[in-house]
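Data block below; observations after.
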Amino acid sequence: MEIAVNDRRVYAHTGGRPFDPAQPALVLVHGAGMDHTVWSLQTRYFAHHGRSVLAVDLPGHGRSEGPPLASVEAVADWIAELVAAAGCERAALAGHSLGALASLECAARHPERVRALALLGCTAAMPVHPDLLNAAQTGDHLAMDLVTDWGFGRPAHVGGHRAPGMWMTGGGLRLLEEGPSGVLGVDMAAANAYQGGLEAARAVPCPTLLIGGAEDRMTPVKAGRKLAEAIAGAEMVVLPRAGHMMMVEAPDATLDAMDGFL
């Protein structure tokens, strides 16, 4: 479906069912340079199990009108505006990586709009290596290669996905390649600049679940646990043999962790 937020066209996948704001709403927020497709399995499942789902393309990503938003705080405010524009009083948020930082900040800044929070592949800060940041901002393909290499855990590099023929790293690379020019650099800069993670964590009032991948080299589990400790009552689940792209690498385990909480 398409929806207008701040007079800009936004695309959100609803999992094959009409969005009904009378049902419990769930907003899925992707990470840097990506789009709603990273949530494919989870979107469909929740849409057919009692939730109204918006797996969004952030501004400037996928099918949504740009420009991309240049800070985590701006994305956080945009998510709250999206929830209102969809006709919902509150929604559960599930964010991945940069999307998780924005969801965390949204829950702290707009608690009236967030009923529950799931943070996947998230730490309080996500500094970006200067070489990677420079490559992303100059459009060097090296940035996509590095994000793909580090984003998938080692088991994913040698295959073995439960879906026959699924080439995870190849699909991840192609997703980044298909993104609009410059978007990955904007997203990386936003993640690198964000310093408010711990402050936001201490202000989150809603039930919160963190999901980490045991093989995650971008947001290690150890750092994720420190973030969880800063959020009152937060729970944390660690998925074995999963890297940073856990929704794709371990879709069933990710879904099991999310289901019942959101």
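The helices (runs of 4 or more DSSP H) found entirely in region 113-211 that carry 3 or more residues being open to solvent by 60 Å² or more (accessible area, probe 1.4 Å) are 130-137, 141-151, 168-178, 197-203. Scanning region 31-52 for residues that are among the small types (Gly, Ala, Ser) and either over 13 Å from Leu98 (Cα atoms) or surrounded by fewer than 22 Cβ atoms within 10 Å (Cβ to Cβ) (or both) returns Ser40, Ala47, Gly50, Ser52. Kindly provide the set of residues from region 214-244 that are among the hydrophobic types (A, V, I, L, M, F, W, C), open to solvent by 10 Å² or more (accessible area, probe 1.4 Å) and in a loop (DSSP other than H, G, I, E, B), ordered by number. Once the filter is applied, which keeps residues that are among the hydrophobic types (A, V, I, L, M, F, W, C), open to solvent by 10 Å² or more (accessible area, probe 1.4 Å) and in a loop (DSSP other than H, G, I, E, B), region 214-244 yields Ala214, Met218, Ala232, Ala234. In region 56-72, the count of residues that are under 16 Å from the mean Cα position of the chain (by Cα) and assigned to a helix (DSSP H, G or I) is one or more.
If we scan region 7-26, do we find a residue that is within 19 Å of Ala80 (Cβ to Cβ) and assigned to a helix (DSSP H, G or I)? Taking every residue of region 7-26 in turn, none turns out to be within 19 Å of Ala80 (Cβ to Cβ) and assigned to a helix (DSSP H, G or I). Of the residues Ala94, Ala55, Ala76, the single one that is modelled with pLDDT of 95 or more, touching a Lys or Arg at 6+ places or on another chain (Cβ under 6 Å) and surrounded by 23 or more Cβ atoms within 10 Å (Cβ to Cβ) is Ala76.
The values are calculated or read from the model by the stated rules, or taken from the named source; none is laboratory data. Everything quoted here is computed from the prediction, not taken from an experiment. When we count neighbours, we look across all protein chains shown, and the Cβ atoms used for this are built from the backbone with ideal geometry, even at glycine. Ligands, DNA and RNA are excluded from the accessible area calculation, which covers all protein heavy atoms including side chains. Shrake-Rupley method; radii C 1.70, N 1.55, O 1.52, S 1.80 Å.
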